[in-house]
Amino acid sequence: RGLIEVRDFSLRYETLEGAVEAVSDVAVTVSPGEFVSIIGPSGCGKSTLLNALAGFLKPTAGRVSVDGEPVSGPSAERGMIFQQYSLFPWKTVRENVEFGLKMKGIPRGERQRQARTLLGLAGLTPFENHYPDRLSGGMKQRVGIVRALATGPRILLLDEPFGALDAQTRLIMQQILTNMWQRLKISVLFVTHDIDEAIFLSDRIYVMTARPGTIKAEVAIPLPRP
Ligand code: ADP
Ligand code: ADP
């Protein structure tokens with residue numbers, strides 16, 4: 001059984017101009033420790049599906065569950081990363097990463113230790129006392145990923161996280177994400193419209209059709225991992 005299970009999922013937005021059927025009858029499974037991507041044209045409902053998994057949107061029909069439990073709202077066990085990094089500008093890199101740990105009531109020394117370990121894994125140690133406005137886009141996104149991982153989620157949901165980055169920074173970020181995924185043994189659901197990126201990163205890829213998005217194909221990528 002999957003850690004993430006989406007069954008018969010549909011979502012319709014109600015707008016002043018009428019209903020918009022964004023996603024129609026989708027089934028997706030992600031096993032523990034698996035890296036799965038969803039690709040499809042712009043507007044096919046990838047973000048909508050991810051937002052439902054994050055607990056920000058409710059399905060119009062069907063089920064979205066994690067570990068057999070229906071998703072009823074956001075949770076620290078599901079970290080979400082958006083294309084727009086949303087760091088606290090008045091906090092340093094390390095304070096940004098420690099934020100979620102502070103919310104969980106983890107004592108200061110332990111918090112700092114955990115944050116430093118993760119910052120080291122992402123190559124951010126030299127930047128731990130910097131403020132976000134001094135960082136490049138790639139660096140900010142790196143901090144965002146570390147921050148989402150700090151509270152120890154089992155699942156990481158990423159919505160076109162590298163879409164705004166230049167090609168070289170993108171490669172570095174892909175490597176860092178792969179690294180974190182392997183070390184922390186988390187499950188990843190990654191949304192992109194870049195098929196090369198999906199092939200490079202994933203164990204398995206779902207291909208969606210244009211809106212209303214539905215799954216058109218499912219491809220396993222039997223790549224050996226380093
Ligand atoms: P993707 O992530 O694949 O680009 P989205 O999930 O963002 O697709 O959007 C799917 C469809 O739903 C699009 O046609 C989009 O315009 C529409 N949509 C997204 N959000 C809303 C909203 N809040 N209200 C109405 N329509 C929306
Ligand atoms: P993406 O393709 O990366 O999902 P979009 O540009 O489609 O981004 O959407 C950006 C934001 O605008 C999202 O929060 C989405 O919900 C909202 N949105 C998209 N389409 C519509 C729409 N037709 N009506 C209202 N909100 C929309």
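Which of the residues that make up segment 24-46 are surrounded by 18 or more Cβ atoms within 10 Å (Cβ to Cβ) and either charged (D, E, K, R) or within 7 Å of ligand 1 (Cβ to nearest atom) (or both)? Walk me through it before giving the result.
Initially, segment 24-46 is screened for residues surrounded by 18 or more Cβ atoms within 10 Å (Cβ to Cβ), giving 24, 26, 28, 30, 34-40, 44-46.
Hits for segment 24-46 are E34, G40, C44, G45, K46.
Could you grab me the full set of residues in segment 170-219 that are more than 16 Å from ligand 1 (Cβ to nearest atom), touching a Ser or Thr at 6+ places or on another chain (Cβ under 9 Å) and not in a helix (DSSP H, G or I)?
S187, V188, S202, D203, R204, V219 - these are the residues of segment 170-219 that are more than 16 Å from ligand 1 (Cβ to nearest atom), touching a Ser or Thr at 6+ places or on another chain (Cβ under 9 Å) and not in a helix (DSSP H, G or I).
P161 - would you say it is open to solvent by less than 40 Å² (accessible area, probe 1.4 Å), in contact with a Pro (Cβ under 7 Å, 6 or more places away or on another chain) and not hydrophobic (A, V, I, L, M, F, W, C)?
no
Please go through segment 1-38 and give me each residue that is within 16 Å of ligand 2 (Cβ to nearest atom) and basic (K, R), ordered by number.
Residue satisfying the conditions is R12 alone.
Consider only pairs whose beta carbons are under 7 Å apart and that are at least six residues apart or on different chains; among these, list those whose first residue lies in segment 100-121 and is under 18 Å from I145 (Cβ atoms) and open to solvent by less than 90 Å² (accessible area, probe 1.4 Å) and whose second residue is not in a helix (DSSP H, G or I) and not acidic (D, E).
Between residues of segment 100-121 that are under 18 Å from I145 (Cβ atoms) and open to solvent by less than 90 Å² (accessible area, probe 1.4 Å) and residues that are not in a helix (DSSP H, G or I) and not acidic (D, E), the close pairs are G100/A76; G100/T151; L101/T151.
The values are calculated or read from the model by the stated rules, or taken from the named source; none is laboratory data. Keep in mind that this is a model prediction, so the values were computed, not measured. Please note: Cβ atoms are built from the backbone with ideal geometry, for glycine as well, and neighbour counts cover all protein chains shown. Areas reflect the complete protein model, heavy atoms only, side chains present, ligands, DNA and RNA absent. Shrake-Rupley method; radii C 1.70, N 1.55, O 1.52, S 1.80 Å.
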